[in-house]
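Engineer: Input: one structure, supplied below.
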Amino acid sequence: MFICKICDKEYDENMRYSRDSRYCKKCGEERTRYLSYRRNTLSSLRSMPLEAKIIQTKFLIKQAVITFGEDHCYISYSGGKDSTVLSHITKQLYPNILHLFANTTNEYPETLKHIQWEIMENHTNITIVYPIDSKGEMWNFKKVVERYGYPMFSKRVSNAIRTYQHAKTPRTKQNSIDYIECNFKKYQKYMELHISDKCCDKLKKEPLRRKAKELGMQCVILGILASESYQREKAWLEYGCNVFYKFKDNQCKPLSFWTDEDINDYIKKYNVKIPDLYHMGYKRNGCMFCGFGVHLENPESNRFQKLKETHPKQYAYFIENFADMMLQFDVVV
């Protein structure tokens, strides 16, 4: 017997939509049709011309501000291309809207330089948030890795491995093993290594949430694209761009349906200043030592090898502290 996640009714196993589904046949078929419709909708939005996307993005931002008030909305600002485009658009509507930047202690120097330019020259209203937890303890990347594990492969894989390693009951442990076997079989050989998805929570998400709560913020405006990851596209299919009053955090994601090409076109068309890091050949400005996605890069020219060329001092620190772990993860540095 099982209980359908949608209709909450109990059914025999032969009424399950598929072997490992959590839905009955009727609900599973309806959900499949719904997700197909949503994928088509996302595809249509992505095919719109840039100017139409800008209009839609402004509409979504206005919805958030009208709903919660300008003084209760903020931009989660990373200093990267996407959030800089979001800031550029939003400031046309609300010039003094608050930006919160999380200094994770693992930022590229060019990102920090760009943040200072935004504050001093572009007059962007930015508050810098440091990774201090609710007990007043200061965190940094090395400390998080030592305590919890290295962020490697992807958030989903790291979370699955962390769940397996910290399972409190034999049943939970076996469920984790089955989950990894079913979804991440090629990562089974790493299951006993020191891997975790906690880094982003400790260095960025939790400090930002505490600061936002302290300042009375009620809605975060995020410059994320659905195309960036499986999880982000899945979230868009379920909830769309503006997600209000459904979860603990109200979220406005007005760039979700943009593509990376749209971001680059906007930057070029409107002469938007971005960190010098992108002119050095980097495609992302996230945390310097983050391992999410590195296994998908060219093993002879991955982000860590590039770091050796562009930031030798930071690379030396990385090698001194994490080279042995990279060897275990089969990552060339």
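Engineer: How would you order 95-101, 309-315, 74-80 from highest to lowest mean count of nearby Cβ atoms within 10 Å?
Structural biologist: 74-80, 95-101, 309-315
Engineer: Given the peptides 205-212, 170-177, arrange them by the average over their residues of other C-beta atoms within 10 Å, most packed first. Please list the in-between numbers first.
Structural biologist: On the way: 205-212: 18.2, 170-177: 13.1.
Packing proxy ranking, top to bottom: 205-212, 170-177.
Engineer: Please state the charge dipole magnitude for the chain, taken about the Cα centre, from unit charges on C-beta atoms (+1 on K and R, -1 on D and E), reported in debye and rounded to the nearest 20.
Structural biologist: Its charge dipole is roughly 700 debye.
Engineer: Could I ask something else about it? Using protein chains only and a probe of 1.4 angstrom, how many square angstrom of Asp265 are accessible, to the nearest 10?
Structural biologist: 70 Å²
Engineer: A further question on this structure: What are the ³J(HN,Hα) values, in whole Hz, obtained from phi via the Karplus relation 6.51 cos²θ - 1.76 cosθ + 1.60 with θ = phi - 60°, for each residue of the range 328-333 in sequence order, with x given for Gly and Pro?
Structural biologist: So the J values, rounded to whole Hz, are 5, 8, 6, 9, 7, 10.
Engineer: Another question, if that's okay. Beta carbons within 10 angstrom, averaged per residue: use that to sort the peptides 105-111, 57-63, highest first. Let's see the in-between values first.
Structural biologist: Values: 105-111: 19.9, 57-63: 18.0.
So the order, starting with the most tightly packed, is 105-111, 57-63.
Engineer: Please go through the range 86-156 and write out the trypsin sites (Lys or Arg not before Pro) that DSSP classes as loop and that have at most 15 other C-beta atoms within 10 Å. Could the numbers behind the result be given before it?
Structural biologist: Values: sites: Lys91, Lys113, Lys135, Lys142, Lys143, Arg147, Lys155, Arg156; in loops: Lys135.
Counting only loop positions with at most 15 other Cβ atoms within 10 Å, the trypsin sites (Lys or Arg not before Pro) in the range 86-156 are Lys135.
Engineer: Search the structure for amide H atoms under 5 Å from the amide H of Asn250, placed 1.01 Å from N in the peptide plane, and list their residues when 5 or more places away or on another chain.
Structural biologist: Distant-sequence amide H within range of Asn250: Val220.
Engineer: Still on this structure: I'd like the antiparallel share, as a percent to the nearest 5, of DSSP beta bridges with both residues in the chain.
Structural biologist: Among the beta bridges of the chain, antiparallel pairing accounts for roughly 25 percent.
Engineer: Okay, next question. On full extension of the chain, what length is gained from Tyr94 through Gln188, given 0.36 nm per residue of separation minus the C-alpha to C-alpha distance? Don't jump to the answer; show the numbers that get you there.
Structural biologist: Numbers: separation 94, 0.36 × 94 = 33.84 nm, distance 4.86 nm.
So the chain would gain 29.0 nm between Tyr94 and Gln188.
Engineer: So what is the accessible area of the chain per residue, in Å², with the probe set to 1.4 Å? List each step's numbers first, then the result.
Structural biologist: Details: 18060 Å² over 333 residues.
I get 54 Å² per residue for the chain.
Engineer: Then there's this: Let me check I have the definition right: for the range 110-158, take the eigenvalues of the Cα gyration tensor, multiply each by 5, take square roots. What are those semi-axes in whole Å, largest first?
Structural biologist: Equivalent ellipsoid semi-axes, largest first: 29, 16, 9 Å.
Engineer: In addition: Can you give me the Kirkwood hydrodynamic radius for the chain, using every pair of distinct Cα atoms, in Å to one decimal?
Structural biologist: It is 22.0 Å.
Engineer: Can you work out the Karplus-derived ³J(HN,Hα) for every residue in the range 30-39? Use 6.51 cos²θ - 1.76 cosθ + 1.60 with θ = phi - 60°, whole Hz, and x for glycine or proline.
Structural biologist: Result, rounded to whole Hz: 5, 5, 4, 5, 5, 5, 4, 4, 5, 5.
Engineer: Right, another one. Per the 1.4 Å probe, what fraction of the accessible area of the range 146-274, in percent, lies on carbon and sulfur atoms?
Structural biologist: 48 percent
Engineer: Return one quarter of the surface area of the convex hull spanned by the alpha-carbon atoms of the range 1-156, equal to its mean projected area, in nm².
Structural biologist: Approximately 14.8 nm², given one-decimal rounding.
Engineer: Hey, if we sort Leu327, Leu307 by accessible area with the 1.4 Å probe, largest down, what's the order?
Structural biologist: Sorted by accessible area, descending: Leu327, Leu307.
Engineer: Given only helices, namely DSSP H runs of n ≥ 4 each adding -39500 (n - 2.57), what is the per-residue ellipticity at 222 nm of the chain, to the nearest 500 deg cm²/dmol?
Structural biologist: The per-residue figure over the chain is -14500 deg cm²/dmol.
Engineer: Same structure, new question: For the range 113-188, which GluC sites (Glu not before Pro) are both in a DSSP coil and crowded by at most 16 other Cβ atoms within 10 Å?
Structural biologist: Within the range 113-188, the qualifying GluC sites (Glu not before Pro) (loop, at most 16 other Cβ atoms within 10 Å) are Glu121, Glu137.
The values are calculated or read from the model by the stated rules, or taken from the named source; none is laboratory data. Bear in mind that the values here come from a model prediction, so they are computed numbers and not experimental data. Backbone-built Cβ (ideal geometry, glycine too); neighbour counts: all protein chains shown. Side chains are part of the model used for accessible areas, which takes the heavy atoms of the whole protein and leaves out ligands, DNA and RNA. Shrake-Rupley method; radii C 1.70, N 1.55, O 1.52, S 1.80 Å.
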